[in-house]
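Q: For reference, the structure I am asking about is given below.
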Amino acid sequence: MTNDALTGTGHRDENGDFHGDESGTTRTRSTRTVALETARYTLESAVGGVRRTLRRPTASDIAMLCCTLAIGVAVGTTLVGGRLAALAMGAGLAAALTTVFLASERPLVRGLGGVVAVPVAVLVSSPLLLAGVLVLTSSSVGMIAGGSVWALVVASFAAGLVSWQQFGRGGVRRGSTGTMLATSGVVAVVVLPILPRADLRDRAVAAAADVLGVIRDVVITPEGSIAVVSFTGLVLVAAVLSSRALAAVPAERFVPPDRRDALAAAVDGLRRGCSLAIRAAIVLTVAAVAAPLVVEQFGTPPVRPAELRAVVPAPAGDGLATLVTTPGIRSAMVALAALALGLASLERLRGILGRGPAVVVARLVAPMVGGGLVALVLATALADPAAEADLRGVLQTALAGRAPPSVLEFLTSVPPLVLVAGVLVLALSSLSSLLWTVTTLRAVRLLPGRATGAALAAGAVFALAVGLAIDGRLEPALWTTAGAFVLWDIGEYADGIRTELGRDAATMRAELVHVGGTILAGGVVAGGTIGLYRWSAAAPSVTQPALAAVSVGTGLFAVVLVAWTLRG
């Protein structure tokens, strides 16, 4: 048997004619062709899915996106610097595109979302990590800068999805679930190299036990500044999960028909109670953070139990401090949250088994495979000795004195690939936190079902205005506040156009007129308000009743003008 028959090789004569067996060449070309066709099909499916999801944005959508980016860059440059502001807004736009991939119903597109989620998570974690460092290491100015970075990411994320119809209909929730699935794929890359080695397994178990102990101390027996906010966070989580479980589990099936109406009324009452608890938890969290900024008796944010006893009159202060620090109450809320999560998960599993397990399993596995594969590639590429030494040094410096010694010992003993993959897991947690924050705001009905992206972008820009006001820059804060109302009005008008007339209707002229009128009205109102502010700051104090009446009437007229111009 010749080499041509074995390998499919041959030679060409002087005329260029091929002599020999071409089977190997054909096989190589066939494999290459199949790979190229598969890659092309995957890319075309992803692009087509994005186009079908976003479809053709209206003129109002484009105007809102441009206005959001312009306001974000301008305000962000003032608060945190131009480079960090641009990085935060770019991260938000990338997170928006990743959410569209991960929320798709097609397993192939969800798998591509898992691939994209890992590098995008690294991009998102960069500004959020800087924001966290500013909050933890600086004074109130650092908190303003950190909150501004978060607001910039949220604003650009919402603006990027303003034309997505699934925004307020579970799309972001599916995207956040897809992010968690991609994270589980990266976790598999971390765990699999550890399992065969007994020494690493023992150190991993010891580190996990110590970390769980720290979490238990933070959740059940906290002290100092995290006691109040951790309690309100527990109330929020328990109320949200309980409301979800009450809505998902068909409890009326377990009682006789004559008692179903009474049970339904009781369930509705419990859900209303959960809704009130959610709103109360959000208000208390904001108050715990904001009270030290406006009340001199409190120290640095957030409020501590000792400050509640000292500042709030007795017995209310003592009662509140005891409530937020009692371990039994916290343990009961953790148990309630775990029970609600278990019931909702079982009901979700029952629905999956009834809809066709094969397709659902494919949708679940695709982000895991995508995230695991790209994490393996990135971890292998970055696991060189120099990068390993730098990464270990950064982790040891950041965790020294904060993490248990077993965690530091485990990090110094794992292979470089596991170390890099673990960092990618932390990066994915930042992307997941962004998506779950938006999901929670929608679940507690702080975001409306219509024009959800516009409302979220406007709320984030308004948060930037609050940061400017706290920083003492009142005139930029007034301009930014007007910009927030303008964004909301443009986005709501765009949503109304899509709902009533459809995306294919010829509405560009009407939209451009509305956008121009809204921007002009917002500019006039903001300019007039700033003019009144400068006049009141320069003029002497108003002591005559007539001038006081004129001042009150002018303020009332400004409020009416804002409401009429921005809503009319």
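No lab work stands behind these numbers, since they all come straight from the coordinates. Just so we're clear, the structure is a prediction, and the values are computed from it rather than from any experiment. Every residue, glycine among them, receives a Cβ derived from its backbone with ideal geometry; neighbour counts consider all protein chains shown.
Q: If you count, for each residue, the other Cβ atoms within 10 Å and average over each peptide, how do 217-227, 179-189 line up from highest to lowest?
A: 179-189, 217-227
Q: Could you sort 240-249, 325-334 so that the peptide with the highest average Cβ count within 10 Å comes first and the rest follow in order?
A: The peptides rank, most packed first, as 240-249, 325-334.
Q: Among ARG445, ARG174, rank each residue by its count of other Cβ atoms within 10 Å, from fewest to most, as a rough exposure measure.
A: Exposure proxy ranking, most exposed first: ARG445, ARG174.
Q: Treat the count of other C-beta atoms within 10 Å as a stand-in for reagent exposure and order ASP210, ASP261 from fewest to most.
A: Fewest to most other Cβ atoms nearby, the residues stand as ASP261, ASP210.
Q: Let me ask something else about it. As a footprinting exposure proxy, order TYR533, TYR493 by other Cβ within 10 Å, with the fewest listed first.
A: Going from least to most buried by this count: TYR533, TYR493.
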